[in-house]
Amino acid sequence: ASLLQVIKARVKALLVPRYKIVVVTHIGQLNEQSMQIGSRCLWDPATDTFSSYVFKNTSLFALANVYAIYFE
């Protein structure tokens, strides 16, 4: 399974009701260059939330963002 599928399955296993889970991952090579990553969506700060994690070693990086969007 891909990293994205594993993360999404583990978050969904928490059984948080009424939330849509969106997972976005980026994996890339580190070669003395820069990268900027951005995202946009309609957001309700009272109910929606996210979590982000970055892994980095000498040759690569992996960024995972998990968004939990409340819906009725």
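The values are calculated or read from the model by the stated rules, or taken from the named source; none is laboratory data. All values reported here derive from a predicted model rather than from experimental measurement. Neighbour counts run over all protein chains shown; Cβ positions are idealised from the backbone, glycine included. The protein model used for the area step is the full one, side chains on, heavy atoms only, and it has no ligands, DNA or RNA in it. Shrake-Rupley method; radii C 1.70, N 1.55, O 1.52, S 1.80 Å.
Being surrounded by fewer than 12 Cβ atoms within 10 Å (Cβ to Cβ) and either among the basic types (Lys, Arg) or in contact (Cβ under 8 Å) with a residue 24 or more places away in the chain (or both) is a description that does not apply to Gln5. Determine if the stretch 58-71 includes at least one residue that is of a type in the set (Phe, Trp, Tyr), open to solvent by less than 90 Å² (accessible area, probe 1.4 Å) and more than 13 Å from Leu3 (Cβ to Cβ). Yes, that holds for at least one residue.
Among the residues making up the stretch 29-57, those that are over 28 Å from Tyr19 (Cα atoms) and open to solvent by 100 Å² or more (accessible area, probe 1.4 Å) are Gln29, Glu32, Gln33, Ser34, Met35, Lys56.
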